[in-house]
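Working notes for the structure below.
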Amino acid sequence: MFVELNNLLNTTPDRAEQGKLTLLCDAKTDGSFLVHHFLSFYLKGMGRIDAGVNLTVARERGQLVFLEGLKSAVDVFFQTQEEPHPLQFLREANAGNLKPLFEFVREALKPVDGGEARWTYPVLLVDDLSVLLSLGVGAVAVLDFIHYCRATVCWELKGNMVILVHDSGDVEDEENDILLNGVSHQSHLILRAEGLATGFCRDVHGQLRILWRRPSQPTAQRDQSLTYQYKIQDKSVSFFAKGMSPAVL
Amino acid sequence: MLDSLLSLGGLVLLRDSVEWEGRSLLKALVKKSALCGEQVHILGCEVSEEEFREGFDSDINNRLVYHDFFRDPLNWSKTEEALPGGPLGALRAICKRTDPGPVTIALDSLSWLLLHLPCTTLCQALHAVSHQDSCPGDSSPVGKVSVLGLLHEELHGPGPVGALSSLAQTEVTLGGTKGQASAHILCRRPRQRPTDQVDPTTHLTFNLHLSKKEREARDSLILPFQFSSEKQQALLRPRPGQATSHIFYEPDAYDDLDQEDPDDDLDI
């Protein structure tokens, strides 16, 4: 979790808003540092992790549920499955919809019977959505899947969603454009990491654009969009205004 | 501004983008219609009912009928709660109403409908709905129908957007620069229907009418510079005796006529 990013977003793990969809998008750069930020942000918010964030511990406690897409994809082909498999669409010639995948997600989010609650509110993190397109699913089918996840996670369970979509920048990739724009319109917050237009730089790794959408109350004072440049270091990311890198000043 | 957007009726197309969202304008128009006493139906495909109703007070909320296509639009839960016929079925059911008052239908969003239905089907349904009140000779008077459609521009190609644009009476495109939002409004005035021709020659202080004889004389008149076949023949075959022309001049007392040619002394 990057404290500087929390400051830019004006949020902390213990008072994060609920029922929100955040879109992470990267273009000409690697946006996985944003995924790591939100993963540790929400695990910290669960209040059960004492020192740092330990993913293994979280997984053992049932707070973190992984769908290992790659392993499941292979299982679909080489093992007989009785009940519908989440990645059933891989076997079907006409990948109609992602209903089995959604049902897997919904099952995973159900509170465990008995015992203490696993979390205060659930968080669904998707890394990354563009993979579904390359597996042959249509953009509208993926958007429908996200719609149903949003209805269940954000509205019904008052949880949050974080989705990573790559922006290939390919003008001819219409499906990816529809997917990216479709999820953008469903999002409350968009974080877009872009490589610098002028190329690589040792001291400035990229630019981050933050766009707030769908505010519950129209806030005239708060900026709708902000742009910062950043540098990724060993254990943190530092943000600064454009042209204000410490290396330059 | 909101009044002018709603005054023409028919389809009002709200085009928004990721950066400049249009749902707040849609809600403002819904609120305006409700305050005018209209019944407002919302086909909600993108946000929950709670989220849509947020910000409206109870007076307005009581006039809003929300058709929920957010929770389970594709009937994945296979329960009996699914609304039959989907969003288009709901749209047609609203229009079959017997209540003659004006009604406003908000489509949130047209983009969702366009992604899940064929463009032609959607356009035909919208045309039928927004032109419902313009059929003359219909015995049951139906009130004005306004359809507010929210369209996310980036999701569709120019073909479908153009088709919806041509159906719209009013089109609002949202944009802005440097944090300041703006709206570009395009109104299509309805074509003037041809009314009974009014005779412009009545009620004048002078007479513009022609009698039958006058009309015949006018029609047979040959204009002086009109090239006719007779004129053509006359020019091609000049008649003898008309080659030269005579000038008849009567000098008066003050004329000083010299019969000599003044150019005689020129030695050319």
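The values are calculated or read from the model by the stated rules, or taken from the named source; none is laboratory data. The model shown is predicted, which means the values in this text are computed figures rather than measured ones. Neighbour counts are summed over all protein chains in view; Cβ atoms, including those assigned to glycine, are modelled from backbone coordinates with ideal geometry. These area figures cover heavy atoms from the full protein model, side chains too; ligands, DNA and RNA do not enter into them. Shrake-Rupley method; radii C 1.70, N 1.55, O 1.52, S 1.80 Å.
Is segment A:171-185 home to any residue that is modelled with pLDDT under 90 and at the interface with chain B (Cβ under 9 Å from one of its Cβ atoms)?
Yes, segment A:171-185 contains a residue that is modelled with pLDDT under 90 and at the interface with chain B (Cβ under 9 Å from one of its Cβ atoms).
Can you tell me which of (1) closer than 30 Å to A:Thr120 by Cβ; (2) among the aliphatic types (A, V, I, L, M); (3) crowded, with 18+ Cβ neighbours inside 10 Å is the one A:Leu226 doesn't meet?
The single condition A:Leu226 does not satisfy is (3).
For segment A:151-167, check the following and say yes or no: at least one residue is touching a Phe, Trp or Tyr at 6+ places or on another chain (Cβ under 6 Å), within 12 Å of another protein chain (Cβ to nearest Cβ), open to solvent by 50 Å² or more (accessible area, probe 1.4 Å) and not in a strand (DSSP E or B).
Within segment A:151-167 (the criterion being touching a Phe, Trp or Tyr at 6+ places or on another chain (Cβ under 6 Å), within 12 Å of another protein chain (Cβ to nearest Cβ), open to solvent by 50 Å² or more (accessible area, probe 1.4 Å) and not in a strand (DSSP E or B)), the answer is yes, since at least one residue qualifies.
Residues in segment B:21-28: is at least one over 20 Å from B:Val129 (Cα atoms), within 14 Å of another protein chain (Cβ to nearest Cβ), within 26 Å of the chain's Cα centre (by Cα) and open to solvent by less than 10 Å² (accessible area, probe 1.4 Å)?
yes
For segment A:183-207, enumerate the residues that are touching a Ser or Thr at 6+ places or on another chain (Cβ under 8 Å) and touching a residue at least 40 places away in the same chain (Cβ under 8 Å).
Kept after step one, since they are touching a Ser or Thr at 6+ places or on another chain (Cβ under 8 Å), are these residues of segment A:183-207: A:185, A:187-191, A:193-195, A:203-207.
Residues satisfying the conditions are A:Ser187, A:His188, A:Leu189, A:Ile190, A:Leu191, A:Ala193, A:Glu194, A:Gly195, A:Asp203, A:Val204, A:His205, A:Gly206.
Identify, please: which residue in segment B:110-130 is open to solvent by 30 Å² or more (accessible area, probe 1.4 Å) and in a helix (DSSP H, G or I) and is, among those, nearest to B:Arg23 (Cα to Cα)?
Restricting attention to segment B:110-130, the residues satisfying the condition of being open to solvent by 30 Å² or more (accessible area, probe 1.4 Å) are B:115-121, B:124, B:127-128.
Checking which are in a helix (DSSP H, G or I) leaves us with B:115-116, B:119-121, B:124, B:127-128.
Values: B:Leu115: 18, B:His116: 20, B:Cys119: 22, B:Thr120: 25, B:Thr121: 24, B:Gln124: 24, B:His127: 23, B:Ala128: 24 Å.
Only one residue fits best here, namely B:Leu115.
How many residues are polar (S, T, N, Q), open to solvent by 40 Å² or more (accessible area, probe 1.4 Å) and either farther than 27 Å from B:Leu122 by Cβ or within 11 Å of another protein chain (Cβ to nearest Cβ) (or both) if we restrict to segment B:31-79? Full working, then the answer.
Filtering segment B:31-79 down to residues polar (S, T, N, Q) leaves B:33, B:39, B:48, B:58, B:61-62, B:75, B:77, B:79.
Narrowing further to those that are open to solvent by 40 Å² or more (accessible area, probe 1.4 Å): B:39, B:58, B:62, B:75, B:77, B:79.
Filter again for either farther than 27 Å from B:Leu122 by Cβ or within 11 Å of another protein chain (Cβ to nearest Cβ) (or both), leaving B:58, B:62, B:75, B:77.
Residues meeting the conditions: 4.
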